1. If we keep just the residues of the range 77-95 that are outside any strand (DSSP E or B) and touching a strand residue (DSSP E or B) at 6+ places or on another chain (Cβ under 8 Å), which is farthest from residue 189 (Cα to Cα)?
2. Read through the list (1) assigned to a helix (DSSP H, G or I); (2) touching a strand residue (DSSP E or B) at 6+ places or on another chain (Cβ under 8 Å), then give the number of the only condition that residue 116 fails.
3. Scan the range 57-76 for residues that are out of contact with any strand residue (DSSP E or B) (no Cβ under 9 Å at 6 or more places or on another chain), assigned to a loop (DSSP other than H, G, I, E, B) and surrounded by fewer than 22 Cβ atoms within 10 Å (Cβ to Cβ) and jot them down.
4. Of all residues in the range 196-225, how many are in a loop (DSSP other than H, G, I, E, B) and surrounded by fewer than 19 Cβ atoms within 10 Å (Cβ to Cβ)?
5. Just need a number here: residues in the range 150-165 that are crowded, with 24+ Cβ neighbours inside 10 Å and under 18 Å from residue 192 (Cβ atoms).
6. Here is a check on your reading of the model: is residue 180 part of a loop (DSSP other than H, G, I, E, B) and crowded, with 21+ Cβ neighbours inside 10 Å?
7. Answer with yes or no whether residue 295 is surrounded by fewer than 13 Cβ atoms within 10 Å (Cβ to Cβ) and touching a strand residue (DSSP E or B) at 6+ places or on another chain (Cβ under 9 Å).
8. For the range 96-112, how many residues are modelled with pLDDT under 90 and assigned to a strand (DSSP E or B)?
């Protein structure tokens, strides 16, 4: 198997934390959090479940944003309680400090790990079915769109919460390169190369360019307009440069919606005005899209 489990730790009645190493990423150790479905056999573990039953569970993948990790959904949202009554297997993988959710031009192959290798692990060890959906926040929202658009028919639903819908506009490309280099402390040119010079790599990682591959996949997009504090921000909360991501993401949604309309691909949106680039809003949007995610996996 291209993913090796180094450790499996039970954190709760349904929550596991795996430590893995993946050929597609390299020698570094990665964390993967797993939420078992409601009807998981009592006392079962990944290694014993497969021997006990042939049942398969639909799989929901949740991606975190840049500079976050696989525990983010557990720490910042109520996804454990929200999913308690749903027979869905949920996997929350590490995406790297600035992994970009793409197969790098020179470096780790994050999309291969998330879409192919991790799924094989979930299927063989935890009984994941071919029925799949994906959602993410910020850069993880971009990763959700990219995974679905690059792999037509694999995901029944994709949700991007404050996630860029294109990387090839001048503003988006320069901002993403700068953020990857400064915040992620990696060479951003190793990911997609130089804009225009290596455009085939940029196109291969651009949901806007790949939008036709989303036909048949349910879609949900949400984002703020201004990035200013909104109803879920505490009074006096310090301003963060990350909030500039909201108007940037909003600027990428417009051309993406036009492209979807041109392809006659339906999409649900929640485009609100004020609100920061932060977890309180993403938890709210998770609740908004949750019924559609679960229905798609039924």
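The values are calculated or read from the model by the stated rules, or taken from the named source; none is laboratory data. Small disclaimer: the values here were computed from a predicted structure and weren't measured. All Cβ positions, glycine included, derive from the backbone under ideal geometry; neighbour counts span all protein chains shown.
1. Looking at residues that are outside any strand (DSSP E or B) and touching a strand residue (DSSP E or B) at 6+ places or on another chain (Cβ under 8 Å), I get 87.
2. (2)
3. 67 - this is the single residue of the range 57-76 that is out of contact with any strand residue (DSSP E or B) (no Cβ under 9 Å at 6 or more places or on another chain), assigned to a loop (DSSP other than H, G, I, E, B) and surrounded by fewer than 22 Cβ atoms within 10 Å (Cβ to Cβ).
4. Of the range 196-225, the ones in a loop (DSSP other than H, G, I, E, B) are 196-198, 205-210, 215-217, 224-225.
Within this subset, residues satisfying the condition of being surrounded by fewer than 19 Cβ atoms within 10 Å (Cβ to Cβ) are 196-198, 209, 215-216, 225.
Summing the residues that are in a loop (DSSP other than H, G, I, E, B) and surrounded by fewer than 19 Cβ atoms within 10 Å (Cβ to Cβ) in the range 196-225 gives 7.
5. Number of matching residues: 3.
6. Against the criterion (part of a loop (DSSP other than H, G, I, E, B) and crowded, with 21+ Cβ neighbours inside 10 Å), residue 180 does not qualify.
7. Numbers: surrounded by fewer than 13 Cβ atoms within 10 Å (Cβ to Cβ): yes; touching a strand residue (DSSP E or B) at 6+ places or on another chain (Cβ under 9 Å): yes.
Criteria met by residue 295.
8. So the answer is 0.
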